[in-house]
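Step one of this worksheet: look at the structure below.
The values are calculated or read from the model by the stated rules, or taken from the named source; none is laboratory data. These numbers come from a predicted model, not from an experiment. Reconstructed Cβ throughout: ideal geometry from the backbone, glycine too, with neighbour counts over all protein chains shown.
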Amino acid sequence: MGGKITILKLGGSAITVKKKAFTPNLNVINRLALEIKKADVHPLIIVHGGGSMAHPIAKKFKIKEGYKRRGQLMGFAETHYAMVKLNELILDALIEQGLPAVNVQPSACVVTENGRIRSMEIKPLLELLKLGCIPVLHGDAVFDAVLGFTILSGDQLVANLAVNLDAERIVLGVDVDGIYTADPKLDPKAKLIKTMSIEKLKDIQNKIGNSLADDVTGGMLGKVVELLPAIEQKIPTIIVNATKPNRVCKAIRGEKVAGTVIQ
Ligand code: ATP
Ligand code: IP8
């Protein structure tokens, strides 16, 4: 495979129009594919979120809470289907750039227990990396051994893969410049936190909010909580604005870029 793995999360807030249900942001998706091509970083795993493509359906049918009635089954199927469709748009853009991107579907290789990853069939993903392909995973509606089904966030997948594969770095692309002292969309006085220690992160957890749009996995707060195991393992982690040109490209190369570095 050669070298340690870089893990890039393309946040749903950047790759979809979060305020408008079922709306991918094709301009951002296509530009990000170009940046990933330009960055030329190997080995690379991409994980993407659901944004407005999947969170509204997951919320409507209470998929995260688990199976309670037959009527939810269509919601489970539709949530997964929305992620497959968004994944297809991302693969279209990456393949258009000549990148060997291959979907690895979490619902087919992960089992959770009360919402936490209990097991993951990792071999196909590792073989793809060895071949030089770019595995592309996503948050998903998955089978849960206790709840029947649930929502697995892309952030939990990122942290789990980073810890188990001892990643080189994690880059999280969202629609804001990083972690602020308060939600920058609600508080114009919020200040960007450029570097953050794990102690400071734990300290300000209660000031970090959810997303303003439908988000069943907890917005920025959910992200930070999920990332803690990877940060505790000292895997360099940076949150950057993926809606602004070149930030993701520089971040996956390990270059200095505007954002929040957690170390
Ligand atoms: P998805 O879960 O769909 O992949 P995402 O990972 O791109 O989405 P969100 O879960 O939407 O990102 O979280 C990002 C949002 O969190 C921002 O749009 C911002 O409004 C909100 N937010 C809340 N509190 C803060 C904060 N303290 N600093 C930065 N953003 C914050
Ligand atoms: O957007 C969950 O993944 P996330 C996606 O990374 C859904 O939180 C709702 C299936």
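If we only count strands (runs of 3 or more DSSP E) wholly inside segment 77-145, which ones have 1 or more residues that are closer than 19 Å to PRO56 by Cα?
On the way: elements: 101-103, 110-113, 116-120, 134-138, 140-144.
The strands (runs of 3 or more DSSP E) meeting that bar are 134-138, 140-144.
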Problem - One residue from ASP166, ASP92 being more than 13 Å from ligand 2 (Cβ to nearest atom), without any contact (Cβ under 8 Å) to a residue 12 or more places away in the chain and either out of contact with any Asp or Glu (no Cβ under 8 Å at 6 or more places or on another chain) or not hydrophobic (A, V, I, L, M, F, W, C) (or both) - result: ASP92
Problem - Hey, LEU201 of a type outside the set (Phe, Trp, Tyr) and free of Cβ contacts under 8 Å to residues at least 60 places away in the same chain or not - result: no
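Residue-wise test of (1) within 15 Å of ligand 2 (Cβ to nearest atom); (2) under 18 Å from GLY49 (Cα atoms); (3) surrounded by fewer than 16 Cβ atoms within 10 Å (Cβ to Cβ).
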site	(1), (2), (3)
LYS85	yes, yes, yes
SER119	no, no, yes
LEU131	no, no, yes
SER153	yes, yes, no
VAL158	yes, yes, no
Practice task
Go through the residues of segment 45-56 one by one and say whether even a single one is outside any helix (DSSP H, G or I), at pLDDT 95 or above and of a type in the set (S, T, N, Q).
Solution key: no
Handout entry: The listed residue being charged (D, E, K, R) and either at pLDDT below 95 or farther than 25 Å from LEU126 by Cβ (or both), out of ASP155, ASP166, ASP187
Key = ASP187
Practice task
Looking at (1) in contact with a Cys (Cβ under 8 Å, 6 or more places away or on another chain); (2) within 15 Å of ligand 2 (Cβ to nearest atom); (3) among the aliphatic types (A, V, I, L, M), find the lone condition where VAL102 falls short.
Solution key: (2)
Practice task
Answer yes or no as to whether ILE179 is at pLDDT below 85 and more than 12 Å from ligand 2 (Cβ to nearest atom).
Solution key: no
Exercise for the section: Looking only at segment 165-183, decide whether some residue is in a loop (DSSP other than H, G, I, E, B), more than 19 Å from VAL47 (Cβ to Cβ) and more than 20 Å from the chain's Cα centre (by Cα). Expected result: yes
Fill in the blank from the handout: Scanning segment 33-61 for residues that are surrounded by 16 or more Cβ atoms within 10 Å (Cβ to Cβ) and more than 30 Å from ASP166 (Cβ to Cβ), the one nearest to ligand 1 (Cβ to nearest atom) turns out to be HIS55
Problem - Filter pass, LEU186 being outside any loop (DSSP other than H, G, I, E, B), touching a residue at least 24 places away in the same chain (Cβ under 8 Å), surrounded by fewer than 20 Cβ atoms within 10 Å (Cβ to Cβ) and aliphatic (A, V, I, L, M) - result: no
Handout entry: Residue within segment 31-42 that is in contact with a strand residue (DSSP E or B) (Cβ under 8 Å, 6 or more places away or on another chain), within 11 Å of THR79 (Cα to Cα) and part of a loop (DSSP other than H, G, I, E, B) present
Key = no
